[in-house]
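The values are calculated or read from the model by the stated rules, or taken from the named source; none is laboratory data. Everything numeric in this text was worked out from a predicted model, so none of it was measured. Here the Cβ positions follow ideal geometry from the backbone for every residue, glycine too, while neighbour counts run over all protein chains shown.
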Amino acid sequence: MRYRWFVLALVILIPVGVVLIGPYGGYSWPPPTVPHGNPSETGEEALGVIQAVSDLSNQDYVVVRNAIRQLRRSIYAPNIYVAIYPLMDVLGNVGRFHDSHTRGMAANALVRIGVAIKGQRGNQAIEYVINELEEGPTDTVRASCAYALGLSGREIALDSLISANEDDPSPVVRETACEALMMLTNGRYYSEDCHYGDEEEAGGIVTTFSSGGDVRTMESGKVDELRWLKTHLLVPLDILLSEDETGSGDAE
């Protein structure tokens with residue numbers, strides 16, 4: 001008889017205990033989850049962010065570029081927000097002499113981080129890239145900012161990209177801003193100088209592309225100059241995508 005009461009007590013108490021403290025002994029249900037990987041992986045990722053942020057102040061541009069690559073691979077690390085201001089310094093070339101390509105990489109990293117963490121900090125990162133697009137003195141850096149914003153999917157970049165496409169004095173910036181507008185709007189943006197096909201075809205699958213900076217409308221010398229600038233100084237989409245898959249990519 002006592003045995004039966006003991007079994008009955010266990011049958012009642014065990015479910016009650018599971019509800020109250022959870023199956024893992026915690027005081028909440030469900031138990032908290034690690035934001036990215038297991039605890040050891042998250043710790044390693046956070047340490048990698050700290051090291052990369054430190055490397056951003058290195059005098060060697062190769063070290064700085066590798067640090068930016070590391071940060072772009074770690075956008076979901078719990079402490080990735082600490083990289084925002086150092087990356088702003090690289091993009092804005094604060095007190096240093098970063099080359100245009102490295103600064104363009106910083107723009108891309110800021111946009112990726114801004115999209116990943118969202119909130120006020122995320123918006124701040126994206127807005128800094130927008131400001132560089134609007135006011136930056138270097139056309140190739142402005143073009144890299146435009147391209148990164150096109151990949152962001154954020155509507156807050158739309159007005160600045162439209163202004164860059166219409167009013168920027170550099171043909172490479174106008175052309176890249178047009179490409180960014182196409183990416184940002186999934187091909188639906190239409191203006192006289194930037195559109196897919198005609199107005200009725202905008203947003204559909206078409207085969208013609210027209211832009212105020214289209215190489216087909218330029219003199220032959222400008223065609224070669226634009227192609228060289230876009231090939232050598234910007235951060236092309238195929239390089240960015242391949243880097244995500246392989247962990248390497250940007251040509252030095």
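One line per residue, one yes/no per condition, for (1) touching a Lys or Arg at 6+ places or on another chain (Cβ under 9 Å); (2) at pLDDT 90 or above:
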site	(1), (2)
V16	no, no
S28	no, no
G48	yes, yes
S54	no, yes
L71	yes, yes
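Cβ-Cβ contacts under 7 Å between residues 6 or more apart (or on different chains), taken from a first residue in the range 72-101 that is surrounded by 22 or more Cβ atoms within 10 Å (Cβ to Cβ) to a second residue that is polar (S, T, N, Q) and not in a helix (DSSP H, G or I), are listed as I80/S74. Within the range 70-86, which residues are more than 11 Å from the chain's Cα centre (by Cα), in a helix (DSSP H, G or I) and either among the hydrophobic types (A, V, I, L, M, F, W, C) or under 13 Å from N108 (Cα atoms) (or both)? Within the range 70-86, Q70, I80, V82, A83, I84 qualify.
Evaluating G104 against the criteria (1) in contact (Cβ under 8 Å) with a residue 60 or more places away in the chain; (2) out of contact with any Cys (no Cβ under 9 Å at 6 or more places or on another chain) leaves one unmet condition, (2). Candidates G48, G153: the one that is under 23 Å from T185 (Cα atoms), free of Cβ contacts under 8 Å to residues at least 40 places away in the same chain and surrounded by fewer than 24 Cβ atoms within 10 Å (Cβ to Cβ) is G153.
Within the range 147-193, being within 18 Å of N131 (Cβ to Cβ) and not in a helix (DSSP H, G or I) holds for R154, D168, P169, S170.
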